[in-house]
Amino acid sequence: MMFAKEISDGKTLLEYNVGEARVLIVEREGKGYYIVKEPQIFGEAKELYNLLTGYLYRSLKPIFIEKDPIGYIESILEEIAEELGIKSKYEEYYDILHYYIVRDVVGYGKIDVLMKDPRVEEIAVEGPGIPVAVVHRDVSEFYWLDTNIYFTNEEELRSFIQKLALKTGKHISTAYPILEARLPEGHRVALTLSKEVSGRGSSFVIRKFPNSPLTITHLLMLKTLSPLEAAYLWLIVEAQGLVFIIGAMATGKTSLLQSLATLIPPDARVITVEDTPELRLPHTHWDPLYTRRSYVPGDSWMNIDLNDLVKFAWRRRAEYIIIGEVRGEEVQVLVQAAASGHGGLTTFHADNVESMILRLTSPPLNVKQSFLSLIWSIAVMRKLRIATTGRIVRKLTDIYEIIVKGDKVEKIKVFSWDPKTDSHEPNDVDEVLERSYRLKIIAERYGLSEDSVRKELKERRSFLEKLVKDEVFDYEAVSERLFKFYYQRRGIIK
């Protein structure tokens, strides 16, 4: 097995800086590697590092209570250096000492560069001696890239796992050796301790929360969906239809959910319900709710789950209820909310419409088949490897509508993706109008003619295409333009 730490040559695919560190993405013998090159510390500087950190760990109060932890560390270091009579040496090696002490005391130690790299989406390690692996946003030829970072033994990894738990404000121990929690930056972390439940030792997976969410224009630029598909879904969302985004894990469901949620009218009250904060909305009256889990044995009554929160959300007078992911009885409440006029968006683990319907109508979800007609649109996301290029891409491969007729559920395919041409079809507004049952419902509901709906689709498609052409990708900028679109149409602004 080739470890990233042993790679001395290979084809460099990408190279960039993360702070003072250098990152290289290298391909060798068909495998991808993420190489971190940090400033070197050795000799006298290393001795000073060990001395100073030893004093810090003995005298430091909890970092998480400090508003400026780096400033606090720097002031303490100066005092320690003065007290030990090594101030001149400390000043001589200040840059390298500052880098490593801040990295290890305030930051994330060995994986600090990975945590700071905005292009890294996920980080995982399965045990000691195994390379830390990452999913990289810009290198899609590989599912995971091995890094040149690894934990030498179980003791080192166990200590790191406990530090991660401390950062979340939770506790992990051999009595309860698993933990799902949120890091201070909002990243989702899943930890195991020792070999109590994980066969290769302590382990972790961190799913990073992006600093700036992907927008609808990002997805259009990446050809995840077409402008006409986006315009269609926009109309469904604005009409307060219930949209399910389905697919397997890591297919881009949440990214599509985030981008569609931004299309909601700016004056709407929107409640989001999630296990971990992943969604971010620009709306003034966005009301985010998060589940709570008790880690004290016997205190399950303290848990607040998705079902509790969706019921609670229904009573909080919102036009839209968005669930990050439905997987239990909460889906019944969401469907009931749709029946009472609420708009809804959610993601759901299912590979296709048939498996979605089977899961929804089976225990423990138990949605009655007649209620499936309340689901307006189903967007199918897939993660695929393109045969001609070898690239891994996320695509909205199909959009369906479903109609319930007696004991039968009929699927209507409105859009599909052609892998041969990498195009989304149809691209003709009239054909979409002919296929879509829900657009006809929207026309009836609002007293619109077919020409009016056709005009709406064309105008929204053109608006989104112009945003991409103008390179408007920033979350704040996209949100501002979308809100302006609504206000202009209402005659509020010119």
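Every read-out reported here was derived from the displayed coordinates using simple, explicitly stated rules and does not represent laboratory data. All values derive from a computational prediction rather than experimental measurement. All Cβ positions, glycine included, derive from the backbone under ideal geometry; neighbour counts span all protein chains shown.
Quick look at the numbers
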| quantity | calculated |
| --- | --- |
| Proximal lysines relative to K163, as straight alpha-carbon distance under 16 Å, when same-chain residues fewer than 8 apart are discounted | K61, K110 |
| Which of E456, E38, E92 has the fewest Cβ neighbours within 10 Å, and the rest in rising order | E92, E38, E456 |
| Virtual spin-label span in nm between I386 and T361, 7 Å along Cα→Cβ | 3.8 nm |
| Label-point gap, in nm, between K37 and E459 - each point 7 angstrom along Cα→Cβ | 5.5 nm |
| Fraction of antiparallel bridges per DSSP, the chain only, in percent to nearest 5 | 70 percent |
| Pairwise FRET efficiency - K484 versus S370, Cβ, R0 = 45 Å, nearest 0.05 | 0.65 |
| Span from the the stretch 25-57 Cα centroid across to the the stretch 429-444 one, whole angstrom | 59 Å |
| Listed peptides 172-181, 121-130, 80-89, 392-401 by packing density, highest first (mean Cβ within 10 Å) | 392-401, 121-130, 172-181, 80-89 |
| Between the stretch 369-425 and the stretch 212-278, the Cα center-to-center distance that results, in Å | 15 Å |
| Mean ellipticity per residue at 222 nm, deg cm²/dmol - from DSSP H runs of n ≥ 4 across the chain, formula -39500 (n - 2.57) | -10500 deg cm²/dmol |
| Full-stretch length increase - Q162, S340 - with 0.36 nm per residue and alpha-carbon distance subtracted | 59.5 nm |
| R293-H98 pseudo-label distance in nm [points 7 Å out on the Cα-to-Cβ vector] | 4.0 nm |
| Loop trypsin sites (Lys or Arg not before Pro), the stretch 272-380, which have at most 13 other Cβ atoms in a 10 Å radius of their Cβ (DSSP) | R315, R316, R317, K368 |
| Relative counts (whole %) of C-alpha pair distances in the stretch 216-489, using bins that are 5 Å wide | 1, 5, 12, 17, 19, 18, 13, 8, 4, 1, 1, 0, 0 |
| FRET efficiency, E319 to K469 (Cβ-Cβ, R0 41 Å, nearest 0.05) | 0.85 |
| Spin-label zone in the stretch 194-213 - amide nitrogen under 19 Å from a point set 7 Å from the Cα of E155 along the C-beta vector | 194-196, 201-203 |
| Distance violations [Cα-Cα > 30 Å] among K253/K411; K31/K383; K11/K167; K223/K458; K253/K469; K11/K395 | K11/K167 |
